[in-house]
Structures are given as C-alpha cells and as structure tokens.
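Student: Quick one: the structure is below, questions incoming.
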Amino acid sequence: MKLLVLLFVLTLSACSSEEHIVFRSGDNQLSGVYLPPTRGKTSKAVLLFVHGDGEMPHDAYGYYPLLWDQLRAQGYAIMSWDKPGVGKSSGNWLEQSMADRQAEVLDAIQWVQSRYGFTARQTGVVGFSQAGWVLPSLATDHQAQFGFMVGIGFATNWIEQSRYYTRLKHTEASATEAEIQAALSAYDEEIALLLQAPDYTDYRQVMGDHVMLADRYHFVLKNLQSDARQDYPLIRTPALLIWGEDDLNVDARLEFERHQRASNPFVSTRLIASRITWLSPRQSRQSGRNTAGYGCSFHGHSQFSFSDSGSVGTNAR
C-alpha cells in the first residue's frame, strides 16, 4: 500500500510540473508543453522534439513520454508542440514546406531560450523521420542557435526513401517479384507525373482511383524534391544519427553506410539492431499512397544518453 501511495505521489508530481505553452511562428499560434527535469534536478539543457510526418500532437500519441521519462531523470528539460492545425495549434501542417518547418523549429528554439534562459550550447533538437529534411539545414544555416542534434530514422532523399518504402511494403505483403516490379514501375510513373507539377484535376485524371487527397497532394508536390545531401558535409554542430536495422520506411543500412563514407567528424552514426515503425496508425489517414516519411519509435533495447559536454550518444544492447 505504501508503495502504491509513493507511486501515486511521484506520478502526480511529474504531471503537475508540466507547463502548457503557447508561442508564435509566422501566422500560427502553436500550443505544446514544457517539461522540466524530474527528481529535483536543475536543467542542464533543453531538448526540442521535432515530429516526423502526419497529424502529430505534442506527445506523438503517447510515444514521446517513453523517452521523456528517461531524459528528464537525467536532468534534461523537454519542449514539444502540436503541429499546425493539431490540438490547440492554429494553421495547417499540410500547407508547410520543409523550409516552413525549419522556420518553425527556429522560432521554438528562440522562444524557449528567451523564456527559460537556455544558451545555444544548452539547446538540443531531437528529430524523427521527416525531420531529416528539417534539422540538417538548420544545423548548417543556423548552427549558432543550438548546441547538438539527434536524428532518428532520417533519410537523405524523399523520392529515394519513398521508392524503398514501396518495395518493402509489397515485400512484407508477400508480393511476387513481378508484382513488386509492377508496383515500382507505377511509383516511378507517378513520380514522373508529380515532377511536372500538374494541377490536381489533371493528376486525378491520370491516376484514376489511386490518388492522394487534395491537401496531401499539394503537400507532397511542395516537398517531393527534398534532399539533405548538400547539408550533411557542412554540419559543424555535434550530431548523432540513429537507425533501427529493420526500419520499415527507410533503407537504414544504406543511410548508415552513406554517412560512414562521408565521415564528417561532427556527425556520429549508430545502426541499432531494432526496428523503427509507425508512431501512430492515425497517421495513415493523411499519408496518401507512398510519398511520406513517417514518425517512428524503437522496438528493442536502446537508451539515449547525453553527456554534459554537449556531445550525444546511445547505448544499444
């Protein structure tokens, strides 16, 4: 009984420390949370969580707190927010380009530093999946604004990643090689069409029943050519890139080996023997067909660790 009471008190204490926040980015008013460290610790740094694709609330439907609990116990504060048009945030995330998302993260960084007194060195960003076309550019163009970066399940090229997902999706569904090749040919044809930037009516006429919803179509058209290849060599902020070996969306080994060959001394890489999968099935409502990079979570035994010097690491078991 005493143990139950203690657990209740600890849970109540952790919940009561959650601060609901609001900040502006462009025309949008964004809502989210700020969470100080637990166990009475003074904040050594703040970590801003940057979503992957989809209609994501600040807690990623309950997945982020699994990481937050460990990080807060280590002395890190957390900031995360609802995407535009989600929860109490105004706007529409489907109207954003990757440049818009970059500006949003920069606004969040400046807001949390101004409100809570964190320096750039004490500010880190943790991004998932589609954030791989958001954070690397920030790390090159605004490297003085934050001290370190963690990327989970990042892909370099949007089209390349989506083609890989198309193949893997059909392979997982036990499709024959002929069916897989037919799906890849259909994907290539759709990409060729999208690169011509047709209006939505023309797109629907060509694609028939296999179409994205209009909002999703315009989002994909705006971001289809995202590629972080030019950003990574220029990164001078300590960065850790992590992939699960059996990632269902990103060619993890290809990405890992690509960065190993590049050997930027500021970028550390880890390939973990675990799987990265969807954060939430709710995202599939907005996903379109095969053109999305999704938020993700690890299934396996992995722990994040951040050193006081500002470097980042991971312990994989």
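The values are calculated or read from the model by the stated rules, or taken from the named source; none is laboratory data. Computed from a prediction, not measured in an experiment: that's the story for all the values here. Backbone-built Cβ (ideal geometry, glycine too); neighbour counts: all protein chains shown. The accessibility values were calculated without ligands, DNA or RNA, using every heavy atom of the protein model including side chains. Shrake-Rupley method; radii C 1.70, N 1.55, O 1.52, S 1.80 Å.
Student: Tell me which residues, restricted to region 123-156, are touching a Lys or Arg at 6+ places or on another chain (Cβ under 7 Å) and surrounded by fewer than 24 Cβ atoms within 10 Å (Cβ to Cβ).
Tutor: Going through region 123-156, the residues touching a Lys or Arg at 6+ places or on another chain (Cβ under 7 Å) turn out to be 134, 143, 147, 156.
Scanning region 123-156 gives Q143, G147, T156.
Student: Which members of region 151-191 meet the condition of being in contact with an Asp or Glu (Cβ under 8 Å, 6 or more places away or on another chain) and over 30 Å from F49 (Cα atoms)?
Tutor: H170
Student: Oh, and also: Keeping to region 201-212, report how many residues are in a helix (DSSP H, G or I) and touching a residue at least 12 places away in the same chain (Cβ under 8 Å). Write out each step before concluding.
Tutor: Kept after step one, since they are in a helix (DSSP H, G or I), are these residues of region 201-212: 201-207.
Now restrict to residues that are touching a residue at least 12 places away in the same chain (Cβ under 8 Å): 203, 206-207.
Here the count works out to 3.
Student: Please go through region 38-63 and pick out each residue that is within 19 Å of I109 (Cβ to Cβ), in contact with a strand residue (DSSP E or B) (Cβ under 8 Å, 6 or more places away or on another chain) and of a type outside the set (S, T, N, Q).
Tutor: If the condition is that a residue be within 19 Å of I109 (Cβ to Cβ), in contact with a strand residue (DSSP E or B) (Cβ under 8 Å, 6 or more places away or on another chain) and of a type outside the set (S, T, N, Q), then K44, A45, V46, L47, L48, F49, V50, H51, G52, H58 are the ones that fit.
Student: Working only within region 161-190, note down all residues that are among the β-branched types (V, I, T) and either open to solvent by 40 Å² or more (accessible area, probe 1.4 Å) or out of contact with any helix residue (DSSP H, G or I) (no Cβ under 6 Å at 6 or more places or on another chain) (or both). Reasoning before the result, please.
Tutor: Keep residues of region 161-190 that are among the β-branched types (V, I, T), which gives 166, 171, 176, 180.
Matches in region 161-190: T171, T176.
Student: How many residues does region 250-268 contain that are in contact with a Lys or Arg (Cβ under 9 Å, 6 or more places away or on another chain) and in a strand (DSSP E or B)?
Tutor: 0
Student: Criterion first (surrounded by 15 or more Cβ atoms within 10 Å (Cβ to Cβ), over 30 Å from A214 (Cα atoms) and free of Cβ contacts under 8 Å to residues at least 60 places away in the same chain) does T38 satisfy it?
Tutor: Here the answer is yes, as T38 does meet what is asked.
Student: In region 68-77, what residues are open to solvent by less than 40 Å² (accessible area, probe 1.4 Å) and on the phi < 0 side of the Ramachandran plot?
Tutor: Here is the first cut: in region 68-77, the residues open to solvent by less than 40 Å² (accessible area, probe 1.4 Å) are 68, 71-73, 75-77.
Answer for region 68-77, where residues must be open to solvent by less than 40 Å² (accessible area, probe 1.4 Å) and on the phi < 0 side of the Ramachandran plot: W68, L71, R72, A73, Y76, A77.
Student: With the checklist (1) crowded, with 20+ Cβ neighbours inside 10 Å; (2) over 30 Å from V211 (Cα atoms); (3) at pLDDT below 95 in hand, flag the one item E245 doesn't pass.
Tutor: Condition (1) is where E245 drops out.
Student: Scanning region 258-274 for residues that are touching a Pro at 6+ places or on another chain (Cβ under 7 Å) and closer than 11 Å to I235 by Cα, which turns out most open to solvent (accessible area, probe 1.4 Å)?
Tutor: The residue in question is F266.
Student: What is the residue count in region 84-116 for residues that are open to solvent by less than 20 Å² (accessible area, probe 1.4 Å) and either part of a helix (DSSP H, G or I) or free of Cβ contacts under 8 Å to residues at least 40 places away in the same chain (or both)?
Tutor: The total comes to 10.
Student: Let me ask something additional. Look at D53 and say whether it is open to solvent by less than 10 Å² (accessible area, probe 1.4 Å) and either modelled with pLDDT of 95 or more or closer than 20 Å to G153 by Cα (or both).
Tutor: Details: open to solvent by less than 10 Å² (accessible area, probe 1.4 Å): yes; either modelled with pLDDT of 95 or more or closer than 20 Å to G153 by Cα (or both): yes.
In short, yes.
Student: If you scan region 212-257, which residues turn out to be small (G, A, S) and under 23 Å from G54 (Cβ atoms)?
Tutor: Listed by number, the residues that qualify are A214, S226, A228, G244, A252.
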